[in-house]
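Data first, discussion second: the structure below is written as structure tokens.
The values are calculated or read from the model by the stated rules, or taken from the named source; none is laboratory data. Owing to the predicted nature of the structure, the values given are computational and were not obtained by experimental measurement. Cβ coordinates were reconstructed from backbone atoms using ideal geometry, including for glycine residues, and neighbour counts include every protein chain displayed.
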Amino acid sequence: MDDTFDSDKRKLLSIVSHGSIFLSQLVLSAGIPFALLFLSEDPVVKD
């Protein structure tokens, strides 16, 4: 059964699944300042 599966596709899926933790960390770390920008009424934050 493994002989019929595309090995390049398997490698790509492995890279994506292992790299997703870094993507989620990036989104979280970049999302917090943007959330503060939109949710805060402080003029210092708005500037």
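Just a few scattered comments:
- Candidates are the residues of the chain that are more than 16 Å from the chain's Cα centre (by Cα) and hydroxyl-bearing (Ser, Thr, Tyr); the one that is modelled with the lowest pLDDT is THR4.
- If you go through region 19-41 and pick out every residue that is surrounded by 10 or more Cβ atoms within 10 Å (Cβ to Cβ) and assigned to a loop (DSSP other than H, G, I, E, B), you end up with 1.
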